[in-house]
Amino acid sequence: MTTDRRAPVHPAPIRLALIGIGKIARDQHLPAIAADPAYTLAAAVSRNAHVDGVPNFHDIEALIASGLAIDAVSIATPPLGRHVIAAAALAQGWHVMLEKPPGATLGEVRALAPGDRTLFTSWHSRHAAGVAVARAWLADRRIARARIDWREDIRHWHPGQDWILAPGGLGVFDPGINALSIATAILPGRLHVEQARLDFPANRGAPIAASLTLKHGETPVAAKLDFLQAGPQSWDIMVETDGGTLTLHDGGARLDIDGAAQALPDGGEYPGLYRQFAELIASGRSDVDLTPLELVADAFLIGEHHKVAAFDW
Ligand code: NAP
């Protein structure tokens, strides 16, 4: 949902504080912010990490107490605990961008009240190179079936991130929600969850694998999510239509149609997100789309829970 509440008033560059300096902040946010003239990195906020060349604060309360001039914050902490940070930032009159997933629950995101500020629930995978092309190609085709295969090795990609397998961390849906963010962006109709199976390690509070049967109208969409994939990793979505088969690979970075690779524009996922955030701020709008998180919540609501082998790093 995009809402338009006020006239554009914001002068560039946007004085941005980045909150939660972990893997994704260092790998993607900091380079994207540095490369975008719409922003100046005004502060970093993290309990244990430090970013050179800018003021650093332990938490948002310390940032607020400092009186530093800030226009916007980008929050890249784990989802559990984001709400309090986002609410504090909005109360200061700061614009807020939330990493995916935008919160640990639907209700806590809906409870955020941006007023005349911008609130942006970002979905980085929707900025992958193939996604807009796939959406346009699928728009006027009849879809026969679709399949999502999202299988990665948690030990390789998320070493030591215990929060992912704790309640509120979403488990295998932490990467899997990226697939759902793409599927909800490229398929022309709405998706809903018909069946789900969630595998919980005996010693953890979030699933390590899941299989879903989704429906797109009457069309089945099967999703296999696995956090214990050894060997080749897959982040693929395949859509069979009356006009051929479309496959997105590598989280949407590559696109085949009937096996033929398609030429794609590539602006980068995080540069695209920060461009979108700056445009939302400039035009006085919010963009709060909870559809991927709704599907995850519904999978938890309807899913059969199975206990599987304990997980250790
Ligand atoms: P991470 O490496 O664990 O970093 C998160 C940082 O947030 C931590 O380093 C920690 O820094 C801070 N933090 C604040 N409260 C925390 C808490 N209660 N538990 C743990 N850390 C806390 O995680 P990440 O991989 O960057 O993921 C962060 C968010 O980005 C998640 O929502 C994830 O879904 C999303 N994301 C991750 C990736 C990826 O490939 N890793 C890709 C896209 C999006 P301090 O200890 O210094 O406060």
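Kindly provide the set of residues from the range 294-304 that are touching a Leu at 6+ places or on another chain (Cβ under 6 Å) and assigned to a helix (DSSP H, G or I), ordered by number.
Of the range 294-304, the ones touching a Leu at 6+ places or on another chain (Cβ under 6 Å) are 295, 297, 299, 303.
Residues satisfying the conditions are LEU295, ALA297, ALA299.
Which of the residues belonging to the range 257-307 are among the hydroxyl-bearing types (Ser, Thr, Tyr) and touching a His at 6+ places or on another chain (Cβ under 7 Å)? It would help to see each step written out before you state the result.
First, pick out the residues of the range 257-307 that are among the hydroxyl-bearing types (Ser, Thr, Tyr): 270, 274, 283, 286, 291.
Across the range 257-307, the qualifying residue is only TYR270.
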Original post:
Under 8 Å by Cβ, and 6 or more places apart or on different chains, what pairs join a residue from the range 206-230 that is in the same structural domain as ARG142 (by TED's automatic domain parsing) with one that is aromatic (Phe, Trp, Tyr) and part of a strand (DSSP E or B)?
Top reply: ALA206/PHE200; PRO207/PHE200; ILE208/PHE200; ALA223/TRP150; LYS224/TRP150; LEU225/TRP150; ASP226/TRP150
Subject >> Criterion (within 21 Å of the chain's Cα centre (by Cα), within 18 Å of ARG147 (Cβ to Cβ) and of a type outside the set (Lys, Arg)) met by exactly one of GLY244, GLY251, GLY268 >> reply: GLY251
**OP:** From (1) open to solvent by less than 40 Å² (accessible area, probe 1.4 Å); (2) within 30 Å of ASP312 (Cα to Cα); (3) hydrophobic (A, V, I, L, M, F, W, C), pick out the condition that doesn't hold for ALA185.
**Re:** (2)
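Would you be able to say whether some residue in the range 1-15 is at pLDDT 95 or above, closer than 17 Å to SER122 by Cβ and of a type in the set (A, V, I, L, M)?
Kept after step one, since they are at pLDDT 95 or above, are these residues of the range 1-15: 13-15.
Narrowing further to those that are closer than 17 Å to SER122 by Cβ: 14.
Imposing the further condition that a residue be of a type in the set (A, V, I, L, M) reduces the set to 14.
Yes - at least one qualifying residue is present in the range 1-15.
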Subject >> Evaluation of LEU255 against (1) open to solvent by 10 Å² or more (accessible area, probe 1.4 Å); (2) of a type outside the set (Phe, Trp, Tyr); (3) assigned to a strand (DSSP E or B) (one fails), failing number >> reply: (1)
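Looking at the structure I just gave you, is ASP149 in a loop (DSSP other than H, G, I, E, B) and either over 30 Å from ALA202 (Cβ atoms) or away from the ligand (no atom under 16 Å from the Cβ) (or both)? Even if it seems obvious, please write down each step before you answer.
Details: in a loop (DSSP other than H, G, I, E, B): no; either over 30 Å from ALA202 (Cβ atoms) or away from the ligand (no atom under 16 Å from the Cβ) (or both): yes.
No: the conditions fail for ASP149.
Has the range 305-313 got any residue that is surrounded by 17 or more Cβ atoms within 10 Å (Cβ to Cβ), touching a residue at least 24 places away in the same chain (Cβ under 8 Å) and not small (Gly, Ala, Ser)?
Taking the range 305-313 and keeping what is surrounded by 17 or more Cβ atoms within 10 Å (Cβ to Cβ), we get 311.
Keeping just the survivors that are touching a residue at least 24 places away in the same chain (Cβ under 8 Å) gives 311.
Restricting the remaining residues to those that are not small (Gly, Ala, Ser) gives 311.
Among the residues of the range 305-313, at least one is surrounded by 17 or more Cβ atoms within 10 Å (Cβ to Cβ), touching a residue at least 24 places away in the same chain (Cβ under 8 Å) and not small (Gly, Ala, Ser), which makes the answer yes.
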Original post:
Can you tell me which of LEU246, LEU212, LEU264 is touching a helix residue (DSSP H, G or I) at 6+ places or on another chain (Cβ under 9 Å) and assigned to a loop (DSSP other than H, G, I, E, B)?
Top reply: LEU264
Original post:
Hey, any hits in the range 127-147 for a residue that's over 22 Å from ALA222 (Cβ atoms) and under 16 Å from the mean Cα position of the chain (by Cα)?
Top reply: yes
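So which strands (runs of 3 or more DSSP E) stay within the range 38-120 end to end and still have 3 or more residues that are of a type outside the set (D, E, K, R), surrounded by 22 or more Cβ atoms within 10 Å (Cβ to Cβ) and away from the ligand (no atom under 11 Å from the Cβ)?
Per the criteria, 95-98.
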**OP:** Test GLN161 against the criterion of being away from the ligand (no atom under 16 Å from the Cβ), surrounded by fewer than 20 Cβ atoms within 10 Å (Cβ to Cβ) and not aromatic (Phe, Trp, Tyr), and give yes or no.
**Re:** no
Subject >> Test: residue in the range 185-195 that is touching a residue at least 40 places away in the same chain (Cβ under 8 Å) and under 17 Å from the mean Cα position of the chain (by Cα) >> reply: yes
**OP:** Read through the list (1) small (Gly, Ala, Ser); (2) more than 13 Å from the ligand (Cβ to nearest atom); (3) in contact (Cβ under 8 Å) with a residue 60 or more places away in the chain, then give the number of the only condition that SER125 fails.
**Re:** (2)
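The values are calculated or read from the model by the stated rules, or taken from the named source; none is laboratory data. Keep in mind that what you see is a predicted model, and the values were worked out from it rather than measured. We place every Cβ from the backbone using ideal geometry, glycine too, and count neighbours over all the protein chains shown. In case anyone asks, the SASA skips ligands and DNA or RNA and just uses the protein heavy atoms, side chains included. Shrake-Rupley method; radii C 1.70, N 1.55, O 1.52, S 1.80 Å.
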